[in-house]
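*Asks:* Questions regarding the structure given below will be posed in turn.
Values in this text are rule-based calculations from the coordinates and carry no lab data. Values in this document were obtained by computation on a predicted structure and should not be read as measured data. Cβ sites come from the backbone with ideal geometry, for glycine too, and all protein chains shown count toward neighbours.
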Amino acid sequence: MTLVLLHPVALDVECWNLCGLEGERFEYPGNGTRPLPPSGSYTLEELADEVAATYPGMLDLAGVSMGCAVAEYTALRHPDRVRSLFLADGGGSARTSQEEKDRLASGQELPNERAETQESSTMAETLDWALKRWFTQPAIDANIPGVQYVRERWLANDPKGVAQNWRANGKSAVKDLLPTITIPVTVAVGRSDFAGSTTPVENAEALAKVFPNSRFEALDGPHFVHLENPEGFAAAVRAHLAWVESQDKVGAR
């Protein structure tokens, strides 16, 4: 069984260094050292297919933020390849709004203010905004290792690559299909991830109820809980895998 770690917007495979988790690390185009494709764009469907093609055997997928969307798409498109999902701070609501349905049905682009702002800004101009969304203020003031990493990674990024992250993630259109994912799913959230930030706890709790075979866990920390509380995040992933293993043993009897 292979654990595949799926990172948030604007980060890279190095974001998992503090957690100490053993697993494969998948990186999106436009992040880290991986360039955007010649077209300058990609889709969640393409990322999901690449994950399934890159790693053999059955997969346990653990995602944070945008990584949750990649994990969901992979499970839906390759159900015979995914054993379980660990979804942390996935953001958004558990159901597709009528406005989103209408726009998608008509082929319209959903508005993506974050992508448009980033394309017209330098990375330095949006750094403070990003840090305040993703970390608690005490962590920023103390400049903890996770904050140091994000600051350096953010400033080194290509604005077009980050904008494409936002744009690809903003086109997620599978909310109403999530109840068809019957494998074990853990939905986790940082308790300090608030409504004005990214993922309020109540949204995560609602999302957990959508999956037929799920559990919910609230962790100490903000949206980037894997960077502000890496030990707690790693423990939660290991607890998830132990839960999945216990289900496998019951099913094998």
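*Asks:* May I ask you to compute the full-extension gain from Ala53 to Glu205, defined as 0.36 nm times their residue separation minus their alpha-carbon distance, rounded to one decimal in nm?
*Replies:* Fully extending the segment from Ala53 to Glu205 adds 51.6 nm.
*Asks:* Right, here's the next one. Going by how many other Cβ atoms sit within 10 Å of their own, how do Lys160, Lys209 line up, fewest first?
*Replies:* By the 10 Å Cβ count, ascending, the order reads Lys209, Lys160.
*Asks:* Distance from a point 7 Å along Cα→Cβ of Arg77 to each backbone N in region 14-34: keep the residues under 13 Å and list them by number.
*Replies:* 29
*Asks:* Taking H placed 1.01 Å from N in the peptide plane, check which residues at least 5 places from Ser192 or on another chain put their amide H under 5 Å from its amide H.
*Replies:* Gly221
*Asks:* For region 74-85, what does the Karplus curve 6.51 cos²θ - 1.76 cosθ + 1.60, with θ = phi - 60°, yield as ³J(HN,Hα) per residue in whole Hz, taken in order and with x for Gly and Pro?
*Replies:* 3J(HN,Hα) across region 74-85, in whole Hz: 5, 5, 6, 8, 9, x, 7, 10, 10, 7, 7, 10.
*Asks:* Another one. Please get the size of the charge dipole for the chain, origin at its Cα centre, with Cβ charges of +1 on Lys and Arg and -1 on Asp and Glu, quoted in debye to the nearest 20.
*Replies:* Using only the charged Cβ atoms, the result is roughly 480 debye.
*Asks:* Please report Leu219, Leu5 as a ranked list, fewest other C-beta atoms within 10 angstrom at the top and most at the bottom.
*Replies:* Fewest-to-most ranking of Leu219, Leu5: Leu219, Leu5.
*Asks:* I would also like to ask the following. At 7 Å along the Cα-to-beta-carbon direction for both Asn17 and Asp128, put a label point, then send me their distance in nm to one decimal.
*Replies:* 2.7
*Asks:* For the chain, modelled as a GNM with alpha-carbon contacts under 10 angstrom, which of Asn229, Asn157, Asn143 fluctuates the most?
*Replies:* Sorting by GNM fluctuation, first place goes to Asn143.
*Asks:* Hey, another quick one. For Lys171 paired with Asp220, estimate the spin-label separation in nm (one decimal), with each label point 7 Å from Cα along the Cα-to-Cβ line.
*Replies:* 4.1
*Asks:* Now a separate question. Of the listed values (1) 112; (2) 120; (3) 151, grab the one calculated as volume of the Cα convex hull per residue in Å³ from the structure here.
*Replies:* (2)
*Asks:* How many Lys pairs in the chain lie less than 22 angstrom apart by Cα atoms, where the lysines are 8 or more positions apart or on different chains?
*Replies:* Lysine pair count for the chain: 6.
*Asks:* Determine ³J(HN,Hα), in whole Hz, for all residues of region 207-221 in sequence, where each value follows from phi through the Karplus function 6.51 cos²θ - 1.76 cosθ + 1.60 and θ = phi - 60°; x replaces Gly and Pro.
*Replies:* 4, 4, 6, 6, 7, x, 10, 9, 9, 10, 9, 9, 10, 5, x
*Asks:* Apply the Karplus curve 6.51 cos²θ - 1.76 cosθ + 1.60, θ = phi - 60°, to the phi angles in region 51-68 and return the couplings in whole Hz, x for Gly and Pro.
*Replies:* Ordered by residue, 3J(HN,Hα) equals 4, 5, 7, 7, 10, x, x, 7, 10, 9, 9, 10, x, 10, 6, 4, x, 5 Hz.
*Asks:* Looking at the chain as a GNM with Cα springs under 10 Å, which of Thr186, Thr33, Thr74 has the largest mean-square fluctuation?
*Replies:* Largest GNM mean-square fluctuation: Thr33.
*Asks:* Okay, next question. Taking amide H positions as placed 1.01 Å from N in the peptide plane, with prolines and chain starts having none, which residues 5 or more places from Ala10, or on another chain, fall under 5 Å of its amide H?
*Replies:* So Ala10 has HN proximity to no qualifying residue.
*Asks:* Once you've got the GNM for the chain with C-alpha springs shorter than 10 Å, pick whichever of Asn17, Asn203, Asn165 has the biggest mean-square fluctuation.
*Replies:* Evaluated over the chain, the most mobile residue of the options is Asn17.
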